[in-house]
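Novice: Take a look at the following structure, please.
Here, each number is a calculation from the coordinates, and none is a lab measurement. All figures in this text were calculated on a predicted structure; none of them were measured in a lab. A quick note on method: Cβ atoms are made from the backbone with ideal geometry, for glycine too, and the neighbour counts reach across all protein chains shown.
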Amino acid sequence: MKLKALNGFKDILPAEAIGWQQIEYLSRDIFQRFGYKEIRLPIMEETELFARSIGQATDIVEKEMYTFPDKGITLRPEATASLLRAFIEHNMHVQQPVTRLYTFGPMFRHERPQKGRLRQFHQLDAEIIGADEPLVDAEMMAMGQLLLTELGLEASLEINSLGCPSCRPAFREKLVAYLQKFEVQFCSDCRRRTQTNPLRVLDCKNPRCRELVQNAPSILHSLCPDCKDHFELVQDAMNNLEVAYSVNRFMVRGLDYYTRTTFEFIAGNLGAQSAVGAGGRYDGLIKDLGGPELSGIGFAMGIERLVLLMQEKKNSEQCQPAATDIYVAALGDDATRYASVLVHSLRKNGIKAAMDYSGRSLKAQMKLAGRLNSRFALILGDQELENEEAILRNMKKQDQQNISLQGGPADLVKILEISNI
RNA sequence: GUGGGAGUAGCUCAGCUGGUGGUAGCACCUGGUUGUGGCCCAGGAGGUCGUGGGUUCAAGUCCCAUCUCUCACCCCA
């Protein structure tokens with residue numbers, strides 16, 4: 001039997017890993033600029049944590065989690081719940097009034113895989129805990145947009161407010177009343193959603209449902225005064241920061257804990273998926289999980305989706321392997337042994353050196369040097385070994401000179417430094 | 001959970017209405033240069049045509065089953 005990766009689980013091969021490294025490097029840099037600290041979290045938690053935070057009735061909890069029932073534990077389907085659990089467990093709120101944290105890592109959901117959607121997927125996640133000012137919401141969205149921009153990606157930002165426990169139930173009732181009035185005209189999925197999750201009807205893809213929903217009551221007209229003010233101030237702040245956005249009153253969230261500001265970064269070329277990142281405010285969640293009464297806001301970006309967008313964007317930029325400083329081509333057993341010591345010395349001195357141990361022809365070794373994008377080749381045969389010298393070839397300029405090895409590796413390091421390595 | 005599409009060399013794929021598996025491209029190895037890379041030329045290696053049945057004188061090709069991948073629905077980053 002041929003062994004292979006599980007469906008929905010992917011190997012990230014070296015060529016693709018370069019893009020991942022760019023994303024990780026750049027996002028760390030941006031998070032650091034905004035005052036975030038990294039937190040690293042376990043990938044398993046008690047099942048109850050996710051049931052309580054994401055929502056017992058959501059699809060994620062109901063049918064998509066990888067759970068070990070006998071142990072009561074689950075592979076995390078998202079990052080926020082774990083992060084807040086750790087925040088509460090370690091009383092992190094006593095150290096400072098506002099905490100900014102970020103984390104990276106794999107998430108697991110048992111869905112059918114398709115473009116931009118895997119069973120093990122990776123997110124980078126940022127959260128601000130302990131502040132509910134509209135300026136905080138704006139800062140966070142502006143940071144997300146900056147991250148995408150610096151990655152060379154274009155995404156539009158859509159925002160909405162989902163209200164709070166004091167105004168959302170009333171909206172929900174109004175919406176359900178409207179949906180029931182036109183029930184026969186909605187698709188079968190939406191008729192089901194009217195019962196299970198009426199807000200979901202608002203972002204149905206069916207054209208007929210989209211039309212019907214245009215005249216549905218708007219959440220933005222049902223917000224309580226506090227939520228209304230908050231959302232208006234968020235928009236003011238976004239305008240002041242000059243971050244483009246559009247209000248989309250049909251945007252909903254798949255996780256129950258969201259309140260007030262929610263947002264999505266929308267990009268094309270993700271297959272049926274459109275969001276490369278999404279997030280929102282969750283003001284009651286920390287208390288619900290047994291923590292202090294603190295508000296919070298956060299977002300996650302799908303790393304695979306970022307990679308997809310980056311591949312679309314610059315497919316011309318081939319992933320060249322990083323250049324090698326020097327390739328040592330040895331001919332014969334004695335020279336190979338000598339070269340192995342030399343190469344190790346070079347590496348200890350910070351030089352990226354490569355060689356082959358299998359006694360290939362000089363031609364084959366030069367070919368390898370070329371493929372590794374080597375700046376220099378050092379040719380070392382028995383003749384050279386006898387005289388304690390070697391041929392140093394500049395691969396780009398195609399010229400070469402004899403150099404002495406009597407000074408040992410230190411001399412060679414100096415020569416390479418002079419040669420601008 | 002539901003539907004569509006696809007499985008031929010390491011990768012990307014030809015292979016028409018059944019008639020010997022492709023000088024195909026990329027990659028790999030060797031040689032052209034007894035010790036000098038990229039370009040070029042010549043040669044070479046590499047495949048149970050996803051698997052199992054069936055129809056047929058003959059199946060990569062047609063039929064059935066099955067596995068896998070993929071796209072989409074659902075849902076979501």
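Novice: Only residues that are part of a helix (DSSP H, G or I) and within 15 Å of A:Val343 (Cβ to Cβ): list them for the stretch A:354-377, please.
Specialist: Within the stretch A:354-377, A:Gln365, A:Leu368, A:Ala369 qualify.
Novice: Within the stretch A:76-101, track down each residue that is farther than 21 Å from A:Arg253 by Cα and either surrounded by fewer than 16 Cβ atoms within 10 Å (Cβ to Cβ) or within 16 Å of RNA strand B (Cβ to nearest atom) (or both).
Specialist: Those that are farther than 21 Å from A:Arg253 by Cα and either surrounded by fewer than 16 Cβ atoms within 10 Å (Cβ to Cβ) or within 16 Å of RNA strand B (Cβ to nearest atom) (or both): A:Glu89, A:His90, A:Asn91, A:Val94, A:Gln95, A:Gln96, A:Pro97, A:Val98.
Novice: Does any residue of the stretch A:46-63 turn out to be more than 16 Å from RNA strand B (Cβ to nearest atom) and more than 19 Å from A:Leu285 (Cα to Cα)?
Specialist: no
Novice: Residues to consider are A:Asp125, A:Asp132; find the one that is assigned to a loop (DSSP other than H, G, I, E, B) and in contact with a strand residue (DSSP E or B) (Cβ under 9 Å, 6 or more places away or on another chain).
Specialist: Details: A:Asp125 fails: assigned to a loop (DSSP other than H, G, I, E, B).
From the options A:Asp125, A:Asp132, the qualifying one is A:Asp132.
Novice: Within the stretch A:268-277, track down each residue that is surrounded by fewer than 22 Cβ atoms within 10 Å (Cβ to Cβ) and near RNA strand B (Cβ under 10 Å from one of its atoms).
Specialist: Matches in the stretch A:268-277: A:Asn269, A:Leu270, A:Gly271, A:Ala272, A:Gln273, A:Ser274, A:Ala275.
Novice: Among the listed residues A:Phe9, A:Phe68, A:Phe87, which satisfies the condition of being without any contact (Cβ under 8 Å) to a residue 40 or more places away in the chain and farther than 20 Å from A:Leu148 by Cα?
Specialist: A:Phe68
Novice: So, in the stretch A:191-226, of the ones that are touching a Cys at 6+ places or on another chain (Cβ under 6 Å) and within 11 Å of RNA strand B (Cβ to nearest atom), which residue ends up farthest from A:Cys167 (Cα to Cα)?
Specialist: A:Asn206
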